[in-house]
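Data first, discussion second: the structure below is written as structure tokens.
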Amino acid sequence: MTDTQKWQLLAAIAVLCGLLYWLSPVLTPFAVAALLAWLGDPLVDRLERRRLSRTAAVSVVFGAMTLGLVLVLLVLVPLLEAQISRLIDKLPQVVAWVNTVVLPWVAERTGYSLDQLNPQQLIDALREHWRQAGGVAATVLTSVSKSGLAIVGFVGTLALIPVVAFYFLRDWDDMLSRLRALLPRPLEPTVSTFARESDEVLAAFLRGQLSVMIALGMVYTTGLMLVGLDLAVLIGMLAGVVSFVPYLGIIVGGGAALIAAAVQFQDWLHPGLVLLVFVVGQMLEGFVLTPWLVGDRVGLHPVAVIFAILAGGQLFGFLGVLLALPVAAVLMVALRHAHRRYLASELYGAAAADPAAAPPDAPPPGAPPAGGTPGAPAP
């Protein structure tokens, strides 16, 4: 590529990034729809190979995804509602446990005496705020009536996701072919190779991580139910859902389960059993679930995962959190390509000139870069 073409390409990338940043508030439904279409495309391709038309295959997969979501909601919502009601009923026990166990222990260890929590004060405060709720409700209703179009827009955006996902899923292969046809010809082989590797990494990570979250939620829920914890479903599923952030599941779920066990049983045995459940779950995640369902092709460091989520949320809000890990996985693939090119470059010529000193994954001296040269397919 000439210098002019390189500058034109950089300008196009900069304009695209600027558009994504400015349009991020309205891109969320399209990003969610594209994610659903990407997840369902392999199943559609399999059905097409069984001689179903593209539209029929999309209808089958889309219907199965919708039915699965409805069944999950029908099963989980009543369970979670019952668990939350039970949690509310146990709040007085939690307050009493804090007053009789936690606060004296803190005072004994630190020398600072803390005021006890008074459940009646909490109830009186709630009643006082409830008396003021009339004026607050009127203000809220006025604000809602003025922002009715915003509410309609939110509902419309939510309803837009399945519609856009259906059309994305139906036209997924055609859209990818058209995007590939728009690529500059000298860059097309390299970009196609990069996109294929990114797709493999994303598939290994997202589909695998989703499976790990579900499996961990079931493991934690089953273990806490065997212990006899009343809030087993709520805490177990919460720990599984937040486990996409490294160690957050065991911290949040384990902490909540220990407090719930201490309040419910008021002994040392059951909190110890709860701790054992989460230790076993963590070991299963590290030695069985993640290697089996995610594999070693992803290689995202836990610190990189946490940083990606925080940075994405800071820059793009909810859309950034949604896309943080996929973007981090793609950047990791880009870094692998850059690393291979660096090992094959003249800048790294000291080791490349000496075959004995070259790293095991470095190409032999004189070999083309592993990422491919512009205009030639990558190996």
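The values are calculated or read from the model by the stated rules, or taken from the named source; none is laboratory data. Values in this document were obtained by computation on a predicted structure and should not be read as measured data. Neighbour counts are summed over all protein chains in view; Cβ atoms, including those assigned to glycine, are modelled from backbone coordinates with ideal geometry.
Quick check, is Ala353 touching a helix residue (DSSP H, G or I) at 6+ places or on another chain (Cβ under 8 Å) and either surrounded by 12 or more Cβ atoms within 10 Å (Cβ to Cβ) or at pLDDT below 60 (or both)?
no
Looking at the range 321-345, which of the residues that are of a type outside the set (A, V, I, L, M) and in a helix (DSSP H, G or I) is farthest from Ala195 (Cα to Cα)?
Of everything passing the filter in the range 321-345, Tyr342 is farthest from Ala195 (Cα to Cα).
Quick one: Val32 ticks every box in (1) surrounded by fewer than 11 Cβ atoms within 10 Å (Cβ to Cβ); (2) part of a helix (DSSP H, G or I) except a single one, so which number is it?
Condition (1) is where Val32 drops out.
Consider Leu67 carefully, then state whether it is assigned by TED's automatic domain parsing to the domain that holds Ile161, without any contact (Cβ under 8 Å) to a residue 12 or more places away in the chain and in a helix (DSSP H, G or I).
Against the criterion (assigned by TED's automatic domain parsing to the domain that holds Ile161, without any contact (Cβ under 8 Å) to a residue 12 or more places away in the chain and in a helix (DSSP H, G or I)), Leu67 qualifies.
Hey, among Val94, Val72, Val60, which residue is under 30 Å from Leu258 (Cβ atoms), free of Cβ contacts under 8 Å to residues at least 40 places away in the same chain, in a helix (DSSP H, G or I) and not small (Gly, Ala, Ser)?
The conditions single out Val72.
With the requirement that a residue be of a type in the set (Asp, Glu) and either under 25 Å from Leu69 (Cα atoms) or in contact (Cβ under 8 Å) with a residue 40 or more places away in the chain (or both), what does the range 162-212 give you?
Answer for the range 162-212, where residues must be of a type in the set (Asp, Glu) and either under 25 Å from Leu69 (Cα atoms) or in contact (Cβ under 8 Å) with a residue 40 or more places away in the chain (or both): Asp171, Asp173, Glu197, Asp199, Glu200.
Looking at Leu224, is it of a type outside the set (Ser, Thr, Tyr), buried (at least 17 other Cβ atoms within 10 Å of the Cβ) and not assigned by TED's automatic domain parsing to the domain that holds Leu323?
Yes; evaluated as a whole, the condition is true for this residue.
Taking the options Arg46, Arg54, Arg109, name whichever one is surrounded by 15 or more Cβ atoms within 10 Å (Cβ to Cβ) and farther than 30 Å from Asp230 by Cα.
Unique residue meeting the criteria: Arg54.
How many residues are farther than 14 Å from Ser243 by Cα, assigned to a helix (DSSP H, G or I) and over 15 Å from the mean Cα position of the chain (by Cα) if we restrict to the range 186-223?
15
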